[in-house]
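The values are calculated or read from the model by the stated rules, or taken from the named source; none is laboratory data. Everything numeric here is computed off the predicted structure, so don't read it as measured data. No Cβ is skipped: glycine too gets one built from the backbone with ideal geometry, and neighbour counts run over all protein chains shown.
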């Protein structure tokens, strides 16, 4: 791991988060190289992290044992076709581009390469992300360990055995932060309606969310048991929880997340069509 050269194609927010997490966890910055179309962004990363940079994707992957595809899904085909023929040394490919399957990436790269598809989420930028991983048939156990260590630099990882389950990962953790933000928004507004100031209500809401998440992570107890321990028979919490249940919270959540997963499948079909000419091929 300490000697693998990592090439990041695209120097956007997610690539920057992964590189930052790796360096913070002791990965030698000399073995990290990023390519992108914006010199200023590359120089900022070089100064902040001590990594190497390049403006040529082909140059970046030439000696890399791992290539992280961190470009937008809409331009991934253009980038892959640019790299086709440049990967005879069979590096591990890690894609964080949403919606593009491993078979499609392999076809665009025109190689039988180990490919890991990854679905991270936005809290990854703070090092508390959650990523789902899927590997193709050319990916060895060593490749899996390497991919996991790289993505663990920004949070936790879990492997899925069926690529379609990446859509379930998207519905749970990929899009999940937005659900929590939406519920926090609703709670804060309800607190205001009950008489608290906007600042008071938001502060209490955010801290409560943080505390509940820590309890769920650190207690070892299931969420339903944690919920039960907050509730007292015929008490205030029980009244609120019953109101949520009568309003169909569980059914609505399942419906929303199913719609999210279905849309993921639709986007995968759309994004597998030929790339549009003259698209930006770096970020």
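With the requirement that a residue be within 25 Å of residue 89 (Cβ to Cβ), in contact (Cβ under 8 Å) with a residue 60 or more places away in the chain and either surrounded by fewer than 23 Cβ atoms within 10 Å (Cβ to Cβ) or not assigned by TED's automatic domain parsing to the domain that holds residue 131 (or both), what does the stretch 23-35 give you? Hit for the stretch 23-35 is 27, nothing else. Applying the criterion of at least 1 residues that are free of Cβ contacts under 8 Å to residues at least 60 places away in the same chain and within 21 Å of residue 25 (Cα to Cα) to the helices (runs of 4 or more DSSP H) found wholly in the stretch 89-183 leaves 141-151. Taking the criterion of being closer than 30 Å to residue 175 by Cα and at pLDDT below 95, no residue of the stretch 82-95 qualifies. Note on the stretch 117-152: residues that are more than 26 Å from residue 181 (Cα to Cα) and out of contact with any strand residue (DSSP E or B) (no Cβ under 8 Å at 6 or more places or on another chain) amount to 6.
If you go through the stretch 185-195 and keep only what is farther than 16 Å from residue 256 by Cβ and in a helix (DSSP H, G or I), you end up with 187, 188, 189, 190, 191, 192, 193. Go through (1) surrounded by 11 or more Cβ atoms within 10 Å (Cβ to Cβ); (2) out of contact with any strand residue (DSSP E or B) (no Cβ under 8 Å at 6 or more places or on another chain) for residue 157 and report which single condition fails. For residue 157, the failing item is (2).
Number of residues in the stretch 196-252 that are in a helix (DSSP H, G or I), out of contact with any helix residue (DSSP H, G or I) (no Cβ under 7 Å at 6 or more places or on another chain) and within 19 Å of residue 172 (Cα to Cα) equals 10.
Please indicate, with yes or no, whether at least one residue in the stretch 226-244 is under 26 Å from the mean Cα position of the chain (by Cα), under 21 Å from residue 184 (Cβ atoms) and without any contact (Cβ under 8 Å) to a residue 40 or more places away in the chain. Full working, then the answer.
Quick first cut of the stretch 226-244, residues under 26 Å from the mean Cα position of the chain (by Cα) only: none.
No, the stretch 226-244 contains no residue that is under 26 Å from the mean Cα position of the chain (by Cα), under 21 Å from residue 184 (Cβ atoms) and without any contact (Cβ under 8 Å) to a residue 40 or more places away in the chain.
Restricting the first member to the stretch 36-50 and to residues that are over 23 Å from residue 82 (Cβ atoms), and the second to residues that are at pLDDT 90 or above and not in a helix (DSSP H, G or I), the beta-carbon pairs closer than 8 Å and six or more apart or on different chains are 49/32. Selection over the stretch 131-150 of residues that are touching a helix residue (DSSP H, G or I) at 6+ places or on another chain (Cβ under 7 Å) and more than 19 Å from residue 104 (Cα to Cα) gives a count of 2.
Would you mind finding the one in 67, 53 that is more than 21 Å from residue 119 (Cα to Cα) and in a strand (DSSP E or B)? Before the answer, list the steps.
Values: 67 fails: more than 21 Å from residue 119 (Cα to Cα).
From the options 67, 53, the qualifying one is 53.
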